[in-house]
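Here's the structure we're looking at; comments come further down.
Here, each number is a calculation from the coordinates, and none is a lab measurement. Just so it is clear, the model here is predicted, and its values are computed rather than measured. Please note: Cβ atoms are built from the backbone with ideal geometry, for glycine as well, and neighbour counts cover all protein chains shown.
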Amino acid sequence: MANYLGLDVGRKRVGLSSGDDTLRVAVPLTAVLTADREVCLRRIADTVHRLKISTIVVGYPLNMDNTRGAMAKYVEEFVADLRRFLGSDVAFIMGDERLTSVQAEDDLKAMGRFKFESPARKRKMRRSGAIDSNAAAIILQDYLDELALHTL
């Protein structure tokens with residue numbers, strides 16, 4: 001059985017999710033809420049070791065026209081740092097993350113989990129990392145679904 005970690009990398013928060021190739025269901029985890037890269041890498045590494053992660057699926061934020069922007073370059077640098085931090089025991093997959101944060105927010109609203117009555121409330125929900133971790137779950141679920149199609 002392989003265990004997977006999904007990441008939605010941002011400058012201030014990193015959303016996390018986990019799943020495996022048996023159940024093939026991605027579940028949001030508590031987001032890492034820090035802009036300090038070293039602290040963030042350490043927390044992700046702790047999660048990787050605790051959950052015995054073999055593969056990390058990272059949301060890759062391409063522009064709608066498939067070009068790489070500033071955030072894609074930031075994610076590439078983050079992944080390079082995380083690779084160095086973790087060593088070669090963990091595989092990395094880059095997954096398309098376009099519109100996953102919008103979908104995650106819509107999903108949370110539809111479930112009635114978050115009600116954004118005011119701009120201040122919406123900012124508070126964003127800062128909590130829940131949207132980021134749900135976006136990470138969408139990224140990972142897309143990968144697990146694709147993996148399931150190729151193993152049928």
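Karplus couplings for the range 133-143 from phi (6.51 cos²θ - 1.76 cosθ + 1.60, θ = phi - 60°), rounded to Hz, Gly and Pro as x?
5, 5, 5, 4, 5, 5, 4, 5, 4, 4, 5
Starting from the Cα gyration tensor of the range 8-100, multiply each eigenvalue by 5, take the square root, and state the resulting semi-axes largest first in whole Å.
Over the Cα atoms of the range 8-100, the ellipsoid semi-axes are 20, 16, 13 Å.
Name the long-range amide H neighbours of ASP21: under 5 Å, sequence gap of 5 or more, or other chain; modelled H, no Pro or chain starts.
Sorted by chain and number, the residues that satisfy this are ALA2.
List the residues, sorted by chain then number, that are 5 or more residues from TYR60 or on another chain and whose placed amide H is less than 5 Å from its amide H.
When sequence neighbours closer than 5 places are left aside, the close amide H contacts are GLY95, ASP96, GLU97.
Using θ = phi - 60° and the Karplus form 6.51 cos²θ - 1.76 cosθ + 1.60, what ³J(HN,Hα) does each residue of the range 35-42 get, whole Hz, x for Gly and Pro?
8, 7, 4, 4, 4, 4, 4, 5
Assuming R0 = 30 Å, what is the FRET efficiency of PHE92 and SER128, from their Cβ-Cβ distance, to the nearest 0.05?
That gives a FRET efficiency of 0.70.
What's the extension gain from ARG50 to ASP21 if we count 0.36 nm per residue and subtract their Cα-Cα distance?
Stretched out fully, the ARG50 to ASP21 stretch lengthens by 8.7 nm.
Taking amide H positions as placed in the peptide plane 1.01 Å from N, state which residues far from PHE92 in sequence (5 or more) or on other chains have amide H under 5 Å from it.
Under 5 Å from the amide H of PHE92: ILE56.
If neighbour count is taken as other Cβ atoms inside 10 Å, put ASP96, ASP36 in order from fewest to most.
In increasing order of surrounding Cβ atoms, one gets ASP36, ASP96.
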